[in-house]
Amino acid sequence: MSYLTFEDAVRFHGHIGPYLAIGYRAGTLARNVLKPRDIYDMYAEIHVPLKRPYTCIADGVQCSTSCTLGKLNIKLIDSNELSISFFCKSSNRKLVLRVKEFIIDEISRIGNLEKAAKYIMSLSPDELFDIANYLAST
Ligand SMILES: [Zn+2]
């Protein structure tokens with residue numbers, strides 16, 4: 001399987017931004033942790049308020065995983081939180097990534113979209129997300 005680079009994701013989405021970057025980072029982490037076997041093996045659920053810029057996360061996830069609207073293996077769910085869940089069928093594992101509270105504050109403090117996106121891309125997964133990885137049946 002081949003995936004788009006972050007630059008490709010920016011082209012797909014139409015502009016650079018921190019929420020696109022969050023989605024891209026979440027998808028990349030999910031791919032590395034869950035190691036889906038094929039393009040239908042992983043399913044993503046994006047829990048965000050259903051408004052921009054939060055929903056920009058979905059495009060980042062689509063570009064960094066094989067979870068896409070066209071394949072019906074991605075879903076946007078209206079929520080007050082910012083979290084991205086991935087489910088891998090072959091391993092029956094679930095990865096839940098909750099965007100850390102201070103990240104949102106940092107994004108608004110930085111203000112500039114490009115600078116905020118670069119900031120997101122520079123963080124480690126542990127700095128960016130509270131990470132839970134578990135067997136889906138438990
Ligand atoms: Zn956007």
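The values are calculated or read from the model by the stated rules, or taken from the named source; none is laboratory data. Note that the structure is predicted; figures quoted are calculated from it, not measured. Methodologically, a virtual Cβ is constructed for each residue, glycine included, from the backbone with ideal geometry; neighbour enumeration extends over all protein chains shown.
Condition check ((1) within 25 Å of residue 1 (Cβ to Cβ); (2) over 16 Å from the mean Cα position of the chain (by Cα); (3) aliphatic (A, V, I, L, M)) across all residues:
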residue: 49; (1), (2), (3): no, no, no
residue: 64; (1), (2), (3): yes, no, no
residue: 82; (1), (2), (3): no, no, yes
residue: 120; (1), (2), (3): yes, no, yes
**Request:** Give segment 23-47 a look and list any residue that's under 11 Å from the mean Cα position of the chain (by Cα) and among the aliphatic types (A, V, I, L, M), or say none.
**Result:** 26, 29, 30, 44, 46
**Fill in**
Looking across segment 81-96 at residues that are among the aliphatic types (A, V, I, L, M) and touching a residue at least 40 places away in the same chain (Cβ under 8 Å), the single one that is farthest from residue 131 (Cα to Cα) is 82
**Prompt:** Looking at 119, 134, which one is outside any loop (DSSP other than H, G, I, E, B) and within 16 Å of residue 42 (Cβ to Cβ)?
**Reply:** 134
**For residue 94: the one exception among (1) within 24 Å of residue 34 (Cα to Cα); (2) among the basic types (Lys, Arg); (3) out of contact with any Phe, Trp or Tyr (no Cβ under 6 Å at 6 or more places or on another chain)** = (3)
**Counted residues, segment 32-54 - those being surrounded by 18 or more Cβ atoms within 10 Å (Cβ to Cβ) and free of Cβ contacts under 8 Å to residues at least 40 places away in the same chain** = 4
**Asked** residue 104 is checked against (1) under 22 Å from residue 14 (Cα atoms); (2) surrounded by fewer than 17 Cβ atoms within 10 Å (Cβ to Cβ); (3) touching a residue at least 24 places away in the same chain (Cβ under 8 Å) and fails just one. What number does that condition carry?
**Response** (3)
**Message:** Can you name every one of the strands (runs of 3 or more DSSP E) wholly within segment 1-112 that holds 1 or more residues which are farther than 19 Å from residue 125 by Cα, at pLDDT below 95 and more than 15 Å from the ligand (Cβ to nearest atom)?
**Reply:** none
